[in-house]
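One structure is given below, encoded as structure tokens.
The values are calculated or read from the model by the stated rules, or taken from the named source; none is laboratory data. Quantities reported herein were computed from a predicted structural model and do not represent experimental measurements. All Cβ positions, glycine included, derive from the backbone under ideal geometry; neighbour counts span all protein chains shown. The accessibility values were calculated without ligands, DNA or RNA, using every heavy atom of the protein model including side chains. Shrake-Rupley method; radii C 1.70, N 1.55, O 1.52, S 1.80 Å.
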Amino acid sequence: MSKNLMETEETNRLTREEEEEDDEDSREAWTEEENEEDGDENDEDLEFLCLFCDFKYSSCDALFDHCRLTHFFDFNGIRKDLGLDFYGSFKLINYVRSQVADNRCWSCGVCCQSKQDLQSHLHPSVNTKDVKLLLDDDKYLNPFMREDSLLYSFDGGEEDEDECNTSFEKEEIVKDFGSVCIDDDDTAEETELNAETYNKDKKTVMACPNGHLSLASSSKIITENGMDYGENARSVESDPKDKQSRVCIADVVEKDIKKINDSYFGSYSSFGIHRDMISDKIRTDAYRQALLKNHSLLNGAVVMDVGCGTGILSLFAAQAGASRVISIEASEKMATVATQIAKDNGLWRSKTDSEGNKSCTGVIEVVNCMVEDLDKSIQIQPHSVDILVSEWMGYCLLYESMLSSVLFARDRWLKPGGAILPDTATIFVAGFGKGGTSLPFWENVYGFNMSYIGKEVVEDAAKFPIVDIINHHDLVTNAAVLQSFDLATMKPDEVDFTATAELEAKNDTLDHKATACFGLVLWFETGFTSRFCKEMPTVLSTSPYTTKTHWSQTILTFREPISVASSKFTAEGSAAVGTDACPASKILLRISIAHATQHRCIDISLETAGVGSDGRKRSWPAQMFNLT
């Protein structure tokens, strides 16, 4: 029995060893299979192709974050706004891909010359409801791109989405009310930690793809020059589904904007720039007249000067009888200069003066900061300023993006019904002829014909906006209003705009003959109207018809000249509109001006069409210009 038992135990031992070997072999085979699968997955990591460029992403969420932040296309936001179901969203992807393939903007329909032009043109959608009408076409149910994996992966499970939303809502509640008890064991510890972390200087630690930790403000909306960058920061933070896409957008945006702002304000430390501006009599006299010739407006008023520079406008305001002038200057050097100038002229308001010194004669206090950060530097009650004055205009009016800062100051500190100077701004457009180009110069260089150079120069000019002076004698069309702004009532998001205009050949100079229109010239006027300047309204104009200013005009050159003539011109046969045989009697324009991707720059898109005297119409490819 003992022997049988030993034999039985030996048999069982051998059986167990065989089974363990089989299990080990099975585990090795399973591991090898997993490794093979992982390898396959790694090969296909970058399987989702961007809708607009050649970048690929390993997840839909990462791709859509890229589209939103880089190409201004918020897929999930559009789905929500339009109430798109799965099939509607399916159509949206195919629609966008089809438009991009034709170098056409999915939002506004502008047809660009190249893919690069389209990338520069892309902008936040203006009216997505128009797009929804296009999505009714069932042709977009057919995949535009073969094997488009995005079409079958974008619609994440509802359960996951609900969990994410719940997690986010709880996190937001904790941010608002501190550490609270939530009956969810899985999230309680994490939620309490988030509350503790958030309460420390309102900073939260976010994980970046490189494995490092970065600090980013979780609740703050990044506002620079009146522009809100908080949406991008919030939307990345509020989407926990894809941790790899949770980059520290707030930090990146802030650093980029700070770098550009430092360079921008640093450039205004040069005294040469200020001499040019002060020496511009059209500019300086307009402000001087508005401030000194409207005594009832300025007497005893509290004035805020945004971007004071040397302080010249603040000095005018003090001279006109203002009781207090808050001069804001972001350049440290110029803030020091403005302070010293105020002191040298007996107009500086010292801290002891502001605390109630009855012998105070100074009214100007200079604050070195951006207007968006004014609350951090001095105590000033909201809506306590009587007059807001600023010389904020840039080339083509909107370059430098300073208008957004002025509107920020208006909404924050100007009293209801308070005055803003200037209070109107208008952009004009007209067509210019050959005399507005360099062609005449190159056609006769000491008796030699160098027009070959001139033609190349004109071709290159069609790629970039040019800031230069155009003589009014070189205009070949009437002038038209492109866009008007009421600075007292406009909204900050109205700074970017799309507008149309119609130009007609000038009858007084063309004598019913065809002439070539080589491009467009843009200029602006700002008004100090009788709404606030009741005693002496005035206008500051940068028109070719008035004395030149340091702003000059902004020139947009056509890729090819358009022949124009009055409507009395008789066209020959069926020649193309815009040629000498069939000149256009009207030029139809559609122009968009918007903040560029690079901070403080602007993008200008131009669509042009010509209408012949016989009613026929011809359109030219859209052009893109970046004013940097």
Hey, can you grab everything whose amide H is under 5 Å from the amide H of Lys586? Only 5+ residues off in sequence or another chain; H modelled, so Pro and N-termini drop out. Val611
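Contour minus end-to-end for Glu456 and Glu535, with contour as 0.36 nm per residue of separation and end-to-end as the Cα-Cα distance? Intermediate values should be presented prior to the final figure.
Working: separation 79, 0.36 × 79 = 28.44 nm, distance 5.22 nm.
Net length gain for the segment: 23.2 nm.
I'm a student and want to see the number: the projected area of the Cα convex hull of region 424-627, averaged over all directions, in nm². Spell out each step's value before the answer.
Details: hull surface 55.8 nm².
Averaged projected area of region 424-627's Cα convex hull equals 14.0 nm².
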For Gly418, what residues show an amide H to amide H distance below 5 Å, using hydrogens built from the backbone and excluding near sequence neighbours? none
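Relative to the Cα centre, what is the charge dipole magnitude of region 472-628, using +1 at the beta carbon of each Lys and Arg, -1 at the beta carbon of each Asp and Glu, and rounding to the nearest 20 debye?
In debye, rounded to 20, region 472-628 gives about 20.
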In sequence order, calculated HN-Hα J values of region 444-454 (Karplus, 6.51, -1.76, 1.60; Hz; x Gly/Pro): 8, 10, 6, x, 9, 8, 10, 4, 4, 5, x
Considering the dipole of region 424-627 built from charges on the beta carbon (Lys and Arg +1, Asp and Glu -1) around the Cα centre, which of Trp620, Ala479, Thr529 is farthest to its positive end? Thr529
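Restricting to DSSP loop positions (anything but H, G, I, E, B) with no more than 13 other Cβ atoms inside 10 Å of their own Cβ, which GluC sites (Glu not before Pro) remain in region 467-565? If you can, show how the numbers build up before the last one.
Working: sites: Glu494, Glu502, Glu504, Glu525, Glu535; in loops: Glu535.
Hits after loop and neighbour filter: Glu535.
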Which of rounded, prolate or oblate describes region 271-421 when judged by the alpha-carbon gyration tensor and an a/c cut-off of 1.5? rounded
Sorted from largest down, give the three principal axis spans of the alpha carbons of region 338-493, whole angstrom values. 75, 36, 26
Putting +1 on Lys and Arg Cβ atoms and -1 on Asp and Glu Cβ atoms, find which of Thr437, Leu403, Pro382 reaches farthest to the positive end of the dipole of region 378-488. Pro382
Going by accessible area, probe 1.4 Å, with all protein chains left in place, what is the ranking of Trp442, Trp413, largest first? Trp442, Trp413
